[in-house]
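Below is one structure; the comments refer to it alone.
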Amino acid sequence: MDSPQAAPPGPPDAHPDAPGTPDDRRPAVPQPRVDDEPYLRVDDLRVRFDTADGVVRAVDGVSFTVRRGRTLGIVGESGSGKSVTSLAVLGLHDPRRSTVTGRITVGGRQLVGLPEDRIRRLRGRDVAMIFQDPLSALHPYYTVGRQIAEAYRVHHPRAGRRAARTRAVDMLDRVGIPQPARRYDQYPHEFSGGMRQRAMIAMALVNDPALIIADEPTTALDVTVQAQILDLLADLQAEFHTAIVLITHDLGVVAQVTDDVLVMYAGRVVEQGSATQVLRRAQHPYTWGLLSSVPSLHGDPDADLVPIPGNPPSLIHLPPGCAFHPRCRYAGDRSRAEVPRLVPTGADGHLVACHLPPDERTRLAAGALSERRLP
Amino acid sequence: MARFLVKRLFSATLTLFAVSVLSFLMFFALPRDPVTGMCPKNCNPERLERVRQELGLRDPLISQYAGYMKGIVTGRDLGSAQGGRCDAPCLGWSYVSNEAVSDTIARVLPVTLSIVVPAAVLWLLLGVGLGVVSALRRGTWLDRAAIGFSLAGASLQLYFVGAVLLLVFVYTLRWLPVPSYTPLLDDPVRWASGLVLAWLALAFLFSAIYARLSRAQMLETLSEDFVRTARAKGLSQPTVYGRHALRAAITPVVTIAGLDVGGALGGTVITETTFGLNGMGRTAVDAVRAGDLPTIMATVLIAAVFVVLANVLVDLLYAAIDPRVRLR
Ligand SMILES: Nc1ncnc2c1ncn2[C@@H]1O[C@H](COP(=O)(O)OP(=O)(O)OP(=O)(O)O)[C@@H](O)[C@H]1O
Ligand code: SF4
Ligand SMILES: [Mg+2]
């Protein structure tokens, strides 16, 4: 079941690159909508916060790549470092309170350690961000249109007010907001939740970014609106050939729209691979837990939901060895002593960080996943 | 908007009406006979009776009140002992100072205005500026200095600060004249040099409060999602801090400033006393000491007008700043 032949559809070079094989570029195979060179490449990213209670290791050695036209999903429980990772890509961590190390390459430019002013010119132009709650993410005192126009003008200093307005109205129209010219002059509180998120997307797209980072873009929305927003993102991605990083709690969303998946636990990547690999042939006990704690991806109402027992660990005092061991029913002595490295499972591009021997893991995986009647 | 204004002005009028009735009742309906307090020396019963007649104290309360209010609106005749015709806004006659109360007010209100308005501009600029800078430089020596400043401002008393300022700038360095009031239009330089210490003392104490308030507001706003959005758009720091963060942080500061200024315009007793300036505050206190009822009544009413107006103004400002506020 886990043979390399079972790799998901799609070009083989579309998988995230394994860390440790930083440059695995293959000879260029003509692939119409997928670039050969990843647009975003994150290598061994570490983010620490110095707080009064101690050093918080929020992100601890995360690596991944995203190509244009592809979507990477990042999943993990609350506090696993998903948002901290995405904010690091935009260089939004306060250098006085945090330490960011590693390499983040966006369109060939390495960002970590660059002065604020250099990174700033990338923000919103090459890399745009969509946040979870559009009501709090939009400024309550300015009209929606003005906020979009502002995002345009900051990167098009020669564009006049009128041009920026036209552009903003166009974007509102493009994301499916009716009567865009009238909506331009309304305030965020006059929009519905779904419309606000569309406006947020319009703002993110106004400068034709090559990469969009969406941090739980649909969590605050109800299910139908959620589906509309995801469709919209997919359409726009197809049109503009954008790379997308989609952060979410919702494995259903992951199954629906992502190509590749990164599973994070306590600031580390525990499993990584194509969406099919991670969702259907998960190899990590934590991923099994995540999969059992969500309703069946087919919406099977009879499935029993089994939350992962226990709570995520403190990021100041991480458990030694595998950070998941206090909650893992398969933990052994080695789990408590040694941090598992992210290693290939054998399937192309599928990586897992767990000490379980591969054959035992495969056996357990079959059991763990069938228990749940997963798709 | 127009409807809001009409409604607010109506309720403001009601409030002022209530204040006027209450103060009127308090001063004129108290068991203590106001006339005894007003009568110059050598009062005999006949004279007292005549004063009572002139003051209209023998009339029913309602018609006394109606007369007083009519005087404010249209002016009225007070009789020869009280200076005869009293033009609107007539606030009665003071036996203590032997002049129409409106003349007293016309003399002392500009003093209070001249103290409060420049001081308010100073304390807002200084307080908000300091608060914002220390929020942006949180944890640095600048922030700590600003916190020290706020603590000093919050714990020192005005008469102490005033006395130190006087001692240093007037009596030791002799850089400034002894504080006094010169009308602005007569001589702007003397106006300013006579009042600058009062401005500084008031501004120091108030800006400490405003620095603390705006620092807290700014820190809270800086952690808001929309500030993160502004940064993620690629806006420069000045734009993020000024146009996005400060705009939201300033709202409660504006509210409190409006009410503080409104309150201060009713009289800044301690400041006026410390610097020997004769404004509304001292006039009110002196009137209370002398039992000068018409003056007390007038100062209470005027202070109430300022507070009520400040409230309406703050609501308007709030709506101008925050589009979510609907003026109804
Ligand atoms: N500025 C900061 N200072 C200190 N700790 C922080 C800071 N930002 C984040 N953290 C900590 O880093 C950890 C990871 O946070 P992060 O926001 O990335 O989680 P997340 O995976 O996005 O979770 P959620 O699903 O709840 O959004 C959390 O424990 C959080 O408390
Ligand atoms: S390394 Fe051990 S504790 Fe960690 S997930 Fe694997 S089995 Fe569980
Ligand atoms: Mg998050």
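The values are calculated or read from the model by the stated rules, or taken from the named source; none is laboratory data. Source: prediction; values computed, not measured. Note that each Cβ is placed from the backbone with ideal geometry, even for glycine, and that neighbours are counted across all protein chains shown.
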Open item on the list: Condition (residue is within 17 Å of the chain's Cα centre (by Cα) and without any contact (Cβ under 8 Å) to a residue 60 or more places away in the chain) applied to segment B:240-258: is it met by at least one residue?
Closed with: yes
Open item on the list: Any residue at all in segment A:154-166 that's in contact with a Ser or Thr (Cβ under 8 Å, 6 or more places away or on another chain), in a helix (DSSP H, G or I) and at the interface with another protein chain (Cβ under 10 Å from one of its Cβ atoms)?
Closed with: yes
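Scan the strands (runs of 3 or more DSSP E) fully inside segment A:237-293 and keep the ones with 1 or more residues being charged (D, E, K, R).
Numbers: elements: A:243-247, A:260-265, A:268-274.
Result: A:260-265, A:268-274.
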- [ ] Could you run through segment A:316-347 and say how many residues are near ligand 2 (Cβ under 6 Å from one of its atoms) and part of a helix (DSSP H, G or I)?
- [x] 2
Task: Test: residue A:333 is among the acidic types (Asp, Glu) and either touching a Lys or Arg at 6+ places or on another chain (Cβ under 7 Å) or free of Cβ contacts under 8 Å to residues at least 12 places away in the same chain (or both) - done: yes
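Among B:239, B:273, which is the only one that is of a type in the set (Ser, Thr, Tyr) and away from chain A (no Cβ under 14 Å)?
Matching residue, one of B:239, B:273: B:273.
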Task: Test: residue in segment A:230-245 that is within 14 Å of chain B (Cβ to nearest Cβ) and in contact (Cβ under 8 Å) with a residue 40 or more places away in the chain - done: yes
Open item on the list: Yes or no: segment B:115-123 includes at least one residue that is assigned to a helix (DSSP H, G or I), closer than 14 Å to residue B:302 by Cβ and either modelled with pLDDT of 90 or more or of a type in the set (D, E, K, R) (or both).
Closed with: yes
Open item on the list: Exactly one condition in (1) in contact (Cβ under 8 Å) with a residue 60 or more places away in the chain; (2) more than 16 Å from ligand 1 (Cβ to nearest atom); (3) aliphatic (A, V, I, L, M) is false for residue A:220; which is it?
Closed with: (2)
Open item on the list: Please count how many residues of segment A:73-90 are farther than 18 Å from residue A:260 by Cα, in contact (Cβ under 8 Å) with a residue 24 or more places away in the chain, within 9 Å of ligand 1 (Cβ to nearest atom) and within 14 Å of another protein chain (Cβ to nearest Cβ).
Closed with: 1
Open item on the list: Between B:100, B:106, which is out of contact with any helix residue (DSSP H, G or I) (no Cβ under 7 Å at 6 or more places or on another chain) and without any contact (Cβ under 8 Å) to a residue 12 or more places away in the chain?
Closed with: B:106
- [ ] Could you please tell me which pairs satisfy a Cβ distance under 7 Å, a separation of 6+ or placement on different chains, a first residue in segment A:157-169 that is closer than 18 Å to residue B:234 by Cα, and a second residue that is among the aliphatic types (A, V, I, L, M) and part of a loop (DSSP other than H, G, I, E, B)?
- [x] A:167/A:206; A:168/A:206
Task: Those residues of segment A:117-153 which are part of a helix (DSSP H, G or I), more than 17 Å from residue A:216 (Cβ to Cβ) and hydrophobic (A, V, I, L, M, F, W, C), in sequence order - done: A:119, A:144, A:148, A:149, A:151
TODO: For segment B:216-328, please list each of the helices (runs of 4 or more DSSP H) lying entirely inside it that holds at least 1 residues being under 28 Å from residue B:10 (Cα atoms).
DONE: B:247-265, B:280-290, B:293-321
Open item on the list: Please determine whether any residue of segment B:173-192 is under 17 Å from the mean Cα position of the chain (by Cα) and among the small types (Gly, Ala, Ser).
Closed with: no
Task: Residue count, segment B:231-249 (criterion: surrounded by 17 or more Cβ atoms within 10 Å (Cβ to Cβ) and closer than 18 Å to residue A:115 by Cα) - done: 6
